[in-house]
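Below is one structure, written out as structure tokens, with a few remarks after it.
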Amino acid sequence: MIDFLMFIQERLADIGIDFRMKIVIEYFPFFMQGMLKTIGMSLAGVLIGCILGLFIALGKMSPLFILRLPFVWYINFFRGTPLLVQLFLIHFAVMPLIMSPVNPIASVIVTLSLNSAAYVAEIFRAGIQSIDKGQAEAAHSLGMNKLQVMWYIILPQAFKRMIPPLGNEFIVLLKDSSLGAIIAAPELLYWGRAATGQYYRVWEPYLTVALIYFILTLSLTYLLNYLERRLATK
Amino acid sequence: MISVKNLKKSFGDVEVLKDISVEIDPKEVVVVIGPSGSGKSTFLRCLNRIESITDGHVLIEGVDITDKKVNINEIRTEVGMVFQQFNLFPHKTVLDNITLPMITVRKWKKADAEAKAHALLKKVGLSEKAKVYPDSLSGGQKQRVAIARALGMEPKIMLFDEPTSALDPEMVGEVLEVMKQLAKEGMTMVVVTHEMGFAREVGDRVVFMDEGYIVEENEPNQLFNNPQNERTKAFLSKVL
């Protein structure tokens, strides 16, 4: 692997490009650590987001206007303001009320969860409302109550349709977790900035970071396509 | 068995059922006919409150289902319903379609539910289809599974909402056959249909609806051969 990188460095040097693989190699363990944090934070964000999102979606579908209102405005707020602003608010204003010192990773996870909950809620709502009305009618006609209809009939069918948009949300979240670098959460981009700070070089660290993000999102895309195909055949 | 008193139903400003009163006796097979838009499907859907009731009363075995305190889910286990579009659960096998309500609503043990489901599938002639998903069934087979699923709850009344209207012509017979069998066994049935042959052969009484009213009701021979109302005559002359 190192030989291969040095080979590329020499070929680049031949055509007059100065690319120092030494930086990439030295920071590689940190990039890997950062990558694991990136994956972990995004995964936690999307999982918590799914749980919150389900409740927000159900709340937003309530027949009572007054009950719907807070959920509608939750979604409006988190979709209508920049994620970075939300991160600052949570990291510098909200989290200090709960913990001290504030753990930036916790701030990122909380922000990603709350933000993705808003998007996931809309995905859930669209999924649930896409199921034919006759399904619920048939289930009700057999004596099932609302909870049973939702749990046994609507959600399993809706979930299948929600996988593609949920996958997209996960990919978006994975990329957006890079904002954590700004509040010094030691994720992938944070280590890219660290390398830049140490060597005063920009191409090597940032290209490497970009490549790792790209590999992550690309593998996720293929994983989701596979999952979709497998569920479709059932 | 079923007692409908001054039933009214509106969708927004549109009054679909204007003033329906009818009594249905145990073991009676009542066939509801009428032009599309006459409110016959809406009438049927009010009988188990799948459609909310605007005004009037519907009594099932003496229990007024318009009463907000009534546990409607309990009533619905006694009133089976079969839909035009089958509405089988596509993510469940045929067997699971039938056992799911038995297990979740009736709280039966899985083994008991499956034994009962197999017996019902045999009854509708689909024993070999227990393990397949609804997708791979023909329309007629789907509707027979839907009937078996409704029968699984051991209802006292069965409602049929145009059960053969979405079927290819060659599949209508197999579904009607199952319904005839059910009528012979003494099930109380309310059937909305365009199958005049079925109405004549199986119906104890035919109800003709138009524009939200029951215009005329009588035993099949009388209603088909000697209709009294002008609108009934006009409708029958088009369909017979």
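We did not get these values from a lab; they are worked out from the coordinates using the rules stated. Since the model is a prediction, treat every value here as computed from it, not as a measurement. All Cβ positions, glycine included, derive from the backbone under ideal geometry; neighbour counts span all protein chains shown.
Would you mind giving the three semi-axes, in whole Å and largest first, of the ellipsoid equivalent to segment B:1-117 according to its Cα gyration tensor?
In descending order the semi-axes read 29, 17, 14 Å.
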*Other chains' Cβ within 10 Å of A:131-138 residues: what's the mean?*
5
*Solvent-free Debye scattering, log10 I(q)/I(0), computed from the Cα coordinates of segment A:20-166 at q = 0.12 Å⁻¹*: -0.65
*What ranking do A:Val102, B:Val31 get, fewest neighbouring Cβ atoms within 10 angstrom at the top?*
A:Val102, B:Val31
*Where the centroid of each part is defined by its Cα atoms, how far is segment B:103-148 from segment B:150-229 in Å?*
23 Å
*Amide H neighbours of B:Gly56 under 5 Å, counting only residues 5+ apart in sequence or on other chains, H built in-plane at 1.01 Å?*
B:Lys8
*asked:* I need two numbers for the protein assembly as shown: Rg to one decimal and Dmax as a whole number, Cα atoms only, in Å.
replied: 31.4, 103
*Express in whole angstrom the spacing between the alpha-carbon centres of segment B:12-80 and segment A:55-128.*
44 Å
_Spacing of the two label points (7 Å from each Cα toward its C-beta) at B:Leu59 and A:Ser130, in nm_ = 4.8 nm
_Whole-Hz couplings from phi, Karplus 6.51/-1.76/1.60, listed for segment A:58-67; x for Gly and Pro_ = 5, x, 5, 8, 4, x, 8, 4, 5, 6
_Value in Å of the Kirkwood radius, where segment B:148-240 supplies the Cα pairs that are averaged_ = 14.4 Å
_R0 of 25 Å, Cβ-Cβ distance A:Leu223-A:Ile51: FRET efficiency to nearest 0.05_ = 0.70
*Going by alpha carbons, how many degrees (0 to 90, nearest 10) lie between the helix axis of A:203-233 and the longest principal axis of chain A?*
30 degrees
*Can you figure out the FRET efficiency of B:Ser3 with B:Asp135, using R₀ = 35 Å and their beta-carbon distance, to the nearest 0.05?*
0.30
*How far is helix B:139-151 tilted, in degrees, relative to the longest principal axis of the Cα atoms in chain B, given as a value from 0 to 90 rounded to the nearest 10?*
90 degrees
*Measure nothing but the geometry: give the 0 to 90° angle between the long axis through the Cα atoms of A:188-199 and the longest principal axis through the Cα atoms of chain A, rounded to 10°.*
20 degrees
*By how many nm would the segment from B:Glu230 to B:Glu170 grow when fully extended, if each residue of separation counts as 0.36 nm and the alpha-carbon distance is taken off?*
18.3 nm
_Share of alpha-carbon pairs per 5 Å distance bin for segment B:110-157, given as whole %_ = 5, 22, 33, 25, 11, 3, 0
_If R₀ is 25 angstrom, what is the calculated FRET efficiency for the pair B:Ser127 and B:Lys107, using the beta carbon separation as r and rounding to 0.05?_
0.45
*For labels at B:Glu211 and A:Asp18 in the simple 7 Å Cα→Cβ model, what's the distance in nm?*
9.3 nm
*Could you pull out every residue, at least 5 positions away or on a different chain, whose amide H is within less than 5 Å of the one on B:Val32? Hs are placed 1.01 Å off N in the peptide plane, and Pro or chain starts have none.*
B:Val191, B:Val192, B:Thr193, B:Val207
